[in-house]
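These notes concern the structure reproduced below.
The values are calculated or read from the model by the stated rules, or taken from the named source; none is laboratory data. The structure presented is a predicted model; accordingly, all values stated were derived computationally and were not measured. Cβ atoms come from the backbone with ideal geometry, glycine included; neighbour counts cover every protein chain shown. Heads up: the accessible areas ignore ligands, DNA and RNA and are worked out on the full protein's heavy atoms, side chains in. Shrake-Rupley method; radii C 1.70, N 1.55, O 1.52, S 1.80 Å.
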Amino acid sequence: REVILSGGDPLLIHEDLLEHILASLTGINHVEVIRIGSRIPVVLPMRITPGLCRMLQKYRPLWFNTQFNHPREITEESARACEMLLEAGIPLSNQSVLLRGVNDTPETMRDLLQGLQKISVRPYYLFQCEPVKGATHFQTEISVGRDIMKKLWGNLSGLCIPRYVIDLPGGAGKLFLESATCHAGDEAGTSMRELN
């Protein structure tokens, strides 16, 4: 019932081809929702044009996931690109990747998440960096991500808190990496473990 267009970036193909794909998908009876995953609002915001937004609007319900990884990526231009999509009635979520030396502190992550909330982009996932060739120097320990989530929980609005996850190999889905103490505090987390 749900189709995701992602990775290579679907907004890098010609607009006519993108519309052909969207029209073909909406013509399938059991497809109810389309999602687009794209970093274009962040890295090439001028690609988000009124014409593109009008075209995408025709294929709602359409959900848009983008990828801001650092608060400095929230620029006037990227915020405007997001606003144009929102004005077309397309909800926006964000999927960040936890990157060593880029956003792996509670302060940087707080600024990113609050900055996204200000531009009406809902933090959705914080991904543990995968062991991708050429990018292993960006990997952090899972304990770093858990510590960040623990420090953010209770200090930010719930609308700002993403789910901390890792993609399992072989298409097995996502594994939530938050501990019970992220949500409940140390004392309540201990009580939960005792109940189990």
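Structure remark: mean-square fluctuation, Gaussian network model of the chain, C-alpha springs under 10 Å; the largest value among Pro169, Pro123, Pro106 belongs to Pro169.
Over the C-alpha atoms of segment 62-153, the Rg to Rh ratio, Rh being the Kirkwood estimate, stands at 0.99.
The residues packed around Met84, meaning those with a beta-carbon under 14 Å from its beta-carbon, carry a net charge of -1 if Lys and Arg are +1 and Asp and Glu are -1.
Modelled label positions at Val43 and Glu107, each set 7 Å beyond Cα in the direction of Cβ, lie 2.8 nm from each other.
Out of the total accessible area of segment 5-129 (probe 1.4 Å, heavy atoms of protein only), what percent is carbon and sulfur? About 52 percent, which is the carbon plus sulfur part of the accessible surface. Work through the residues other than Ile161 whose Cβ is under 13 Å from its Cβ and net out their charges, Lys, Arg +1 and Asp, Glu -1. Result for the neighbourhood of Ile161: +4. Build a GNM of the chain with springs between Cα atoms under 10 Å apart, and of Val43, Val132, Val97 the one that fluctuates most is Val132.
Between helix 142-152 and the chain there is an angle of about 90 degrees, using the helix long axis and the longest principal axis of the Cα atoms.
For Asn94, the residues 5 or more places off, or on other chains, whose built amide H falls under 5 Å of its own are Thr66, Arg122, Tyr124, Tyr125. Taking every C-alpha pair closer than 8 Å and separated by at least 6 residues, the mean separation divided by the residue count of the chain gives a relative contact order of 15 percent. Remark: spin-label model distance Lys118-Ser143 equals 3.4 nm, labels positioned 7 Å along the Cα→Cβ axis.
Between Pro71, Pro131, Pro41, the residue with the greatest mean-square fluctuation in the GNM of the chain (Cα pairs under 10 Å linked by springs) is Pro131. Mean residue ellipticity at 222 nm, helices only, the chain: -11500 deg cm²/dmol; runs of at least 4 DSSP H residues each add -39,500 (n - 2.57), and the sum is divided by the number of residues. Counting only Cβ charges, +1 for Lys and Arg and -1 for Asp and Glu, the dipole size of segment 27-180 around its Cα centre is about 280 debye.
Across the options Cys53, Tyr124, Val42, the greatest Cα extent toward the positive end of the charge dipole of the chain (unit charges at beta carbon of Lys, Arg, Asp, Glu) belongs to Cys53. The Arg1 and Arg54 beta-carbon pair, evaluated with R₀ = 30 Å, returns a calculated FRET efficiency of approximately 0.75.
Each peptide in 53-63, 27-37 was scored by the mean count of other Cβ atoms within 10 Å over its residues; highest first, the order is 53-63, 27-37.
In the full protein context, the chain carries 54 Å² of accessible surface per residue, based on a 1.4 Å probe and ignoring ligands, DNA and RNA.
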